[in-house]
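Notes follow the structure.
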Amino acid sequence: VGRILIHPKESDTVYVAAQGPLWGPGGDRDLYKTTDGGKTWNNVLKIDEHTGVTDVVMPDPKNPDVLLAASWQRRRHVWTLVNGGPGSGMHRSTDGGKTWKKVTAGLPGGDLGRIGLAVAPSAANTVYALVETADNSGGIYRSTDGGLTWDKRNPFEGLPMYYGNLFVDPANKDRVYVMDTIVRVSDDGGTTLRPLGARNTHVDYHALYVDPKDPKYYLIGCDGGVYESFDRGGNWHFKSNLPVTQFYDVG
């Protein structure tokens with residue numbers, strides 16, 4: 001499961017982006033929707049037996065019928081990873097998932113890999129995407145119209161098949177955090193990136209929580225566990241009482 005998205009007005013309505021089995025085709029993959037709190041589910045976005053849905057967001061919580069979903073064609077073998085293909089792409093719905101249109105305006109052509117999505121909480125319809133491509137023409141993209149059209153901000157791709165997560169500051173639509181071997185941050189909407197600074201922490205970052213009431217406060221999850229900062233990453237406290245190693249989600 002790549003993402004669980006809860007309807008902001010109807011708590012029994014939930015979307016689940018399911019990537020599906022790693023080692024074979026078929027299975028429970030695609031985007032699923034429930035309107036009865038999980039008792040029953042409907043597959044609302046199906047690509048093919050080799051492609052799952054790895055992310056889904058609402059660009060504007062006041063208009064929850066508009067959805068953006070990212071599909072990812074992926075297959076692991078003992079000897080290799082099939083990381084992308086014609087099934088990968090971005091899809092948009094304006095009716096709560098009943099119908100979908102593939103988004104291409106401003107995005108790279110050719111075969112895509114994983115796409116990570118993040119919405120700016122302080123600016124409706126501002127969405128960021130970290131797009132992986134077969135020819136290294138991807139990078140960080142931004143949309144200000146709810147995902148209809150996209151503008152390339154930076155050529156950085158990183159390793160999206162292992163990281164692929166973006167986080168936007170809750171109070172500043174232009175401050176974006178990129179998870180990777182190191183944490184990168186941008187203050188100009190992704191145009192330029194710099195290391196955030198994570199002294200005395202482990203590498204390989206996957207999850208970030210920024211306090212909406214105090215954006216200088218972070219909780220970050222990485223391959224070494226969980227760390228806490230009160231000064232925007234200037235100093236970190238390691239949570240040594242948690243018996244975990246690779247930490248992939250925090251909220």
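The values are calculated or read from the model by the stated rules, or taken from the named source; none is laboratory data. Because the structure is a prediction, the values reported are computed rather than measured. Ideal geometry is used to build each Cβ from the backbone, glycine not excepted, and the neighbour counts take in all protein chains shown. Ligands, DNA and RNA are stripped out before the accessible areas are found, and what is left, the full protein with its side chains, is counted by its heavy atoms. Shrake-Rupley method; radii C 1.70, N 1.55, O 1.52, S 1.80 Å.
Before moving on, here are some points about what is shown:
- Counting only lysines at least 8 places from residue 239 when in the same chain, those with an alpha carbon closer than 21 Å to its own are 216.
- Given +1 at the Cβ of Lys and Arg, -1 at the Cβ of Asp and Glu and no other charges, the dipole of segment 1-60 around its Cα centre is 60 debye to the nearest 20.
- Phi angles of segment 186-197 translate, via the Karplus equation with coefficients 6.51, -1.76, 1.60 and θ = phi - 60°, into HN-Hα couplings of 10, 10, 10, x, x, 5, 10, 10, 9, x, 5, x Hz per residue; Gly and Pro are given as x.
- Rolling a 1.4 Å probe over the heavy atoms of the protein chains gives the chain an accessible area of 47 Å² per residue.
- Dipole magnitude (debye, nearest 20) for the chain, charges at Cβ of Lys, Arg, Asp, Glu: 80 debye
- Solvent-accessible area, 1.4 Å probe, carbon plus sulfur percent, for the chain: 52 percent
- Segment 10-69: chymotrypsin sites (Phe, Trp or Tyr not before Pro) falling in loop per DSSP and having at most 10 other Cβ within 10 Å: 23
- By average C-beta atoms within 10 angstrom, highest first, the peptides 212-218, 166-172, 201-207: 166-172, 201-207, 212-218
- Near the amide H of residue 45, within less than 5 Å, lie the amide hydrogens of 31, all on another chain or at least 5 residues away, with H placed in the peptide plane.
- Other residues with beta-carbon under 12 Å from the beta-carbon of residue 112 carry, at +1 per Lys or Arg and -1 per Asp or Glu, a net charge of -1.
- Environment charge of residue 27, counting only residues whose C-beta is closer than 14 Å and scoring Lys/Arg +1, Asp/Glu -1: +1
- Computed extension gain for residue 199 through residue 151, at 0.36 nm per residue and net of the alpha carbon distance, reaches 14.0 nm.
- Candidate lysines for bridging to residue 46, where Cα separation is under 29 Å - those fewer than 8 sequence places away on the same chain excluded: 9, 33, 62, 98, 101, 102, 152
- The relative contact order of segment 159-209, computed from alpha carbon pairs under 8 Å that lie at least 6 residues apart in sequence, is 30 percent.
- Taking log10 I(q)/I(0) by the Debye sum over Cα atoms at q = 0.07 Å⁻¹ as calculated from this structure, the corresponding entry among [x] -0.22; [y] -0.43; [z] -0.29 is [x].
- Net charge in the neighbourhood of residue 57 (other residues with Cβ under 12 Å of its Cβ; Lys, Arg +1, Asp, Glu -1) is 0.
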